[in-house]
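**Q** My structure is below; once you've seen it, I'll send some questions.
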Amino acid sequence: MNQTARLQTFSDGIFAIAATLLILDVQLPENGDSLVHQLLHLWPSYGAYAISFVTIGIMWINHHAIFEQINRINRTFLVINIFFLLVIAFIPFPTRVLAEHLHGDARTAAFFYGLTNVMMAATYGALWFYAAHDNRLIAPYADPRMVSGISRAFRPGIPIYAVATLSALLSAWLAVALFAAIALFYVLESSLFGRSF
């Protein structure tokens, strides 16, 4: 087993648990309405679930891409990865808050959801840039173009999530649309260009 295998296995487990917990929060309301009405009433939960699942999925894909470029780890990298996974595991909670409050205090819910995404981008960026700084943990066989490409792709993460989060102060619906657009953009970016976030 190589040096990074245990960390990757542990990380994959956290990603899987976080993605699974998202659907557990999608539950039928107990209000006596018809089943059709109850299912239709859940549309905010479906939307929040989809956005968060895609976001977690892209994070998992890009986490895998990071480990294709590194071949060793150290204690600092492990600690940063733990904080990144802490945020990943937390995502189901703001997702539920967003789904449950889109018809209530939607701006606060969207802002809270956005703060989680900003933290995710910040810890993810810290993870990558710590590994890539002066090729600290980069494998000798890594393609320098891929390494620099990942760095370029990671840089706008915090600013774009911050803009989407701040937009919640104006409109929760605008913020949700931006969160969905960001998730879709990174899906297309990863699939069309074959490189990571």
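**Q** Restricting to region 113-134, name every residue that is out of contact with any Ser or Thr (no Cβ under 9 Å at 6 or more places or on another chain) and either of a type in the set (A, V, I, L, M, F, W, C) or within 16 Å of residue 85 (Cα to Cα) (or both).
**A** Across region 113-134, the qualifying residues are 119, 121, 122, 123, 124, 125, 126, 127, 131.
**Q** Okay, moving on. I'd like to verify a number: residues in region 41-68 that are over 21 Å from residue 183 (Cα atoms) and touching an Asp or Glu at 6+ places or on another chain (Cβ under 8 Å), how many?
**A** 1
**Q** Out of the helices (runs of 4 or more DSSP H) lying entirely within region 86-182, which hold 1 or more residues that are of a type in the set (Phe, Trp, Tyr), loosely packed, with under 15 Cβ neighbours inside 10 Å and within 16 Å of the chain's Cα centre (by Cα)?
**A** Output list reads 92-101.
**Q** Please work out if residue 52 is touching a residue at least 40 places away in the same chain (Cβ under 8 Å), more than 28 Å from residue 154 (Cβ to Cβ) and surrounded by 15 or more Cβ atoms within 10 Å (Cβ to Cβ).
**A** No; evaluated as a whole, the condition is false for this residue.
**Q** So, one more: If you take the residues of region 62-83 that are among the aliphatic types (A, V, I, L, M) and not in a helix (DSSP H, G or I), which of them is surrounded by the most Cβ atoms within 10 Å (Cβ to Cβ)?
**A** Looking at residues that are among the aliphatic types (A, V, I, L, M) and not in a helix (DSSP H, G or I), I get 70.
**Q** When you look at residue 186, is it at pLDDT 95 or above, crowded, with 17+ Cβ neighbours inside 10 Å and part of a helix (DSSP H, G or I), yes or no?
**A** When the stated conditions are applied, residue 186 does not pass them.
**Q** Given (1) of a type in the set (A, V, I, L, M); (2) modelled with pLDDT of 95 or more; (3) in contact with a helix residue (DSSP H, G or I) (Cβ under 8 Å, 6 or more places away or on another chain), where does residue 79 come up short, assuming only one miss?
**A** (3)
**Q** Shifting gears a bit: Of the conditions (1) among the hydrophobic types (A, V, I, L, M, F, W, C); (2) at pLDDT 85 or above; (3) farther than 30 Å from residue 136 by Cα, residue 15 fails just one. Which one is it?
**A** (3)
**Q** In addition: What is the number of the single condition among (1) part of a helix (DSSP H, G or I); (2) more than 17 Å from residue 136 (Cβ to Cβ) that residue 33 does not meet?
**A** For residue 33, the failing item is (1).
**Q** Do any residues in region 74-85 that are more than 13 Å from residue 6 (Cα to Cα) and touching a residue at least 24 places away in the same chain (Cβ under 8 Å) have Cβ atoms under 7 Å from those of residues that are in a helix (DSSP H, G or I) and of a type in the set (S, T, N, Q), where the two are at least six apart or on different chains, and which pairs are they?
**A** Short answer, once both residue conditions are applied: 80/123; 83/123; 84/123; 85/11.
The values are calculated or read from the model by the stated rules, or taken from the named source; none is laboratory data. Here the structure is a predicted model, which means the values were calculated and not measured. Methodologically, a virtual Cβ is constructed for each residue, glycine included, from the backbone with ideal geometry; neighbour enumeration extends over all protein chains shown.
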